[in-house]
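See below for the structure under consideration.
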Amino acid sequence: MKTVFFGSPAAALPSLRGLIDAGHSVELVVTQPDKPAGRGRKLQPSAVKAFALARGIPVIEPAKIRTDESALERVRAAAPDINVVVAYGQIIPNAIHALPRHRSLNVHFSLLPKYRGAAPVQWAILNGDAESGVTIIELDDRMDEGDILAVKRLPVGPRETARELEERLAGLGASLLLETIEHIDSVGRAIQDRGLASLAPKIKKEDGRIRWEDAAPAVDRKVRALADRPGAYTFFKWRRIGISRGRDLETASAGQAPGTVLTVGKDGLTVSCGGGTAFLVEELQPEGKSPMTAYVFSLGTKIDHGDSLG
């Protein structure tokens, strides 16, 4: 089947690779423009763009696809039987998503109508959900509100990070996408129940700041949800410290103020949290430096019992 693929991050690659391996003809890839990354802030292509170019697939990168007439013409010229959208990052106009005879399918990493929006995986971890999944919908003119064609569920691991969950959902989504396309002429459609809808808005950088007033389990969920993107962080003596790994403890904080360093040892830094709880910081990244264990950080930094984070 002739396909135009819309996607940007690495999470979209299993679906793109699956389409190609299954014999579908990907005529065009639409992705986000190159973005600055790393310390040098050099422009870097999206994971999908790099993959497509390596395989000789034409790529376009409209900055605003809703108003880009040239993008519409490129999609029209590709004459797709179906469009496939996986974590593209922009709202696609009706003129494009309704163009193919089989319209446009979206692989969404949540159990719709729960978590409509840009960050369903991160919000699932933040909220401590025990279950997640993938939903295939047919795009309409509203964000993640199209008819449901297929759903698959999976349990969320008790210590799973957003990155780990997203990787599993990406693989599950690819297989479900191929099954759906195989039966596209006969697959049923279910209207989403708006009464059950919830939103998963894009996570902002400032959302990653650790609130030590929160109970340790909430701190733990924030680190697992946001450490990879956009980053979970705190401050020590006005220096930003990224928190990349840790865990909540059964140890009580003995009435210490939230953010107080309780212990410093080889296991890491034990920090007082709200409700008399405590969180163990195991790995961190001081601003401008490489990631390191919290113990190594303590050896090179004057931090001790009674100091304060945040």
* **Contact order relative to length of the stretch 22-175, as percent, for alpha carbon pairs under 8 angstrom and 6 or more apart** => 16 percent
* What residues qualify as long-range amide H neighbours of residue 25, i.e. H under 5 Å apart, gap of 5 or more or another chain, H built at 1.01 Å from N? -> 2, 3
* Asked: Placing +1 at every Lys and Arg Cβ and -1 at every Asp and Glu Cβ, with all other atoms neutral, what dipole size does the stretch 76-163 have around its Cα centre, in debye to the nearest 20?
  -> 180 debye
* Asked: Nearest 20 debye, what's the magnitude of the dipole of the chain about its Cα centre given +1 on Lys and Arg Cβ and -1 on Asp and Glu Cβ?
  -> 920 debye
* Asked: Which translational diffusion coefficient, to the nearest whole µm²/s, is obtained for the chain from the Stokes-Einstein equation, given a Kirkwood hydrodynamic radius over C-alpha pairs, 37 °C and 0.692 mPa s?
  -> 156 µm²/s
* **the chain, relative contact order [Cα under 8 Å, separation at least 6], %** => 13 percent
* Asked: If the stretch 136-203 were replaced by its equivalent ellipsoid, with semi-axes equal to the square roots of 5 times the Cα gyration tensor eigenvalues, what would those be, largest first, whole Å?
  -> 23, 18, 10
* To do: Could you list the residues of the stretch 273-297 with an amide nitrogen less than 19 Å from a label point located 7 Å from the Cα of residue 213 in the Cα-to-C-beta direction?
  => 273-279
* Asked: Residues of the stretch 207-243 with amide nitrogen under 12 Å from the 7 Å Cα-to-Cβ point of residue 287?
  -> 234-242
* Asked: Projected area of the stretch 205-300, taken from the Cα convex hull and averaged over every viewing direction, in nm²?
  -> 5.5 nm²
* **For the stretch 205-300, with +1 on Lys and Arg beta carbons and -1 on Asp and Glu, the positive-most of 215, 259, 291 along the dipole** => 291
* **Chain lengthening between residue 141 and residue 205 when straightened (0.36 nm per residue, less Cα-Cα)** => 20.2 nm
* **Protection proxy ranking of 190-198, 208-216 - average other beta-carbon atoms within 10 Å, highest first** => 208-216, 190-198
* Asked: Quick one: putting +1 on the C-beta of Lys and Arg, -1 on the C-beta of Asp and Glu, what dipole do you get for the stretch 205-300 around its Cα centre, in Debye to the nearest 20?
  -> 320 debye
* With a/c under 1.5 counting as rounded, go ahead and sort the stretch 92-222 into rounded, prolate or oblate using the C-alpha gyration tensor (a ≥ b ≥ c being the square roots of the eigenvalues; past the cut-off, prolate if a/b is larger than b/c, else oblate). => prolate
* Asked: Quick one: if you stick a label point 7 Å off each Cα along the C-beta vector at residue 193 and residue 69, how many nm between them?
  -> 4.6 nm
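Taken together, the values in this text are just the output of simple stated rules run on the coordinates, not laboratory data. Bear in mind that the values here come from a model prediction, so they are computed numbers and not experimental data. Glycine gets a Cβ as well: all are built from the backbone with ideal geometry, and neighbour counts include every protein chain shown.
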